[in-house]
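Heads up, the thing below is written out as structure tokens.
The values are calculated or read from the model by the stated rules, or taken from the named source; none is laboratory data. From a predicted model like this one, the values you see are computed outputs, not experimental measurements. Here the Cβ positions follow ideal geometry from the backbone for every residue, glycine too, while neighbour counts run over all protein chains shown.
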Amino acid sequence: MVKTTVEYRGDLGCMAHHGPSGATIQTDAPVDNHGKGACFSPTDLMAASLGTCIATVIGILAQRRGWDLKGMRLEVEKVMSTTAPRRIASLPVVIWMPVLLEPAERTAVEKTAITCPVHKSLHPDIEVPIVFHWPNLAGTS
């Protein structure tokens with residue numbers, strides 16, 4: 001079990017402390033929700049969690065199979081609902097892979113992405129389309 005302690009700092013800002021490492025993350029409310037947008041918002045962190053979780057589990061698969069995926073890049077767009085209640089409506093993900101893998105290996109990577117713990121923890125109403133860009137044989141994507 002991992003414990004995170006959150007301290008409200010006032011003015012819609014928080015500081016989260018990661019128990020095991022002592023690392024901290026600041027949050028602020030976004031500009032469109034009464035904040036300054038000075039750093040990640042709580043919902044921004046959800047998008048970042050999804051992207052880093054997908055990258056991590058793909059990285060674990062790559063280590064097991066001996067693939068070098070250094071340089072893999074992910075982009076997660078957070079789309080908020082336009083109707084009440086305010087919530088994340090979708091988290092589209094785009095992944096640029098640095099190497100071309102065989103079709104079966106690509107299938108394994110794509111399956112791994114949709115089964116990461118954060119993806120599996122999201123409410124089913126949140127749409128999470130994932131698009132992979134694989135390099136072609138000429139080395140471009």
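At least 2 residues being exposed (fewer than 14 other Cβ atoms within 10 Å of the Cβ) and free of Cβ contacts under 8 Å to residues at least 60 places away in the same chain is the threshold, and among the strands (runs of 3 or more DSSP E) wholly inside region 42-126 those reaching it are 73-76. When we screen Ala104, Ala84, Ala89 for residues that are more than 28 Å from Val2 (Cβ to Cβ), touching a Ser or Thr at 6+ places or on another chain (Cβ under 6 Å) and not assigned by TED's automatic domain parsing to the domain that holds Lys3, the only hit is Ala89.
Number of residues in region 127-141 that are surrounded by 13 or more Cβ atoms within 10 Å (Cβ to Cβ) and among the aliphatic types (A, V, I, L, M) equals 2.
Checked against (1) touching a helix residue (DSSP H, G or I) at 6+ places or on another chain (Cβ under 8 Å); (2) of a type in the set (D, E, K, R); (3) under 27 Å from Gln26 (Cβ atoms), Arg65 meets all criteria but (3).
In region 12-32, the qualifying residues are those that are loosely packed, with under 11 Cβ neighbours inside 10 Å and modelled with pLDDT of 95 or more, and the one that is nearest to Met46 (Cα to Cα) is Ala23. Of the listed requirements (1) free of Cβ contacts under 8 Å to residues at least 24 places away in the same chain; (2) assigned to a helix (DSSP H, G or I), Gly22 misses just one: (2). All conditions in (1) at positive phi; (2) out of contact with any helix residue (DSSP H, G or I) (no Cβ under 9 Å at 6 or more places or on another chain); (3) not assigned by TED's automatic domain parsing to the domain that holds Ile130 hold for Asp32, with the sole exception of (1).
Considering the conditions (1) under 28 Å from Pro92 (Cβ atoms); (2) out of contact with any Leu (no Cβ under 7 Å at 6 or more places or on another chain); (3) surrounded by 11 or more Cβ atoms within 10 Å (Cβ to Cβ), Arg9 is excluded by exactly one of them, (1).
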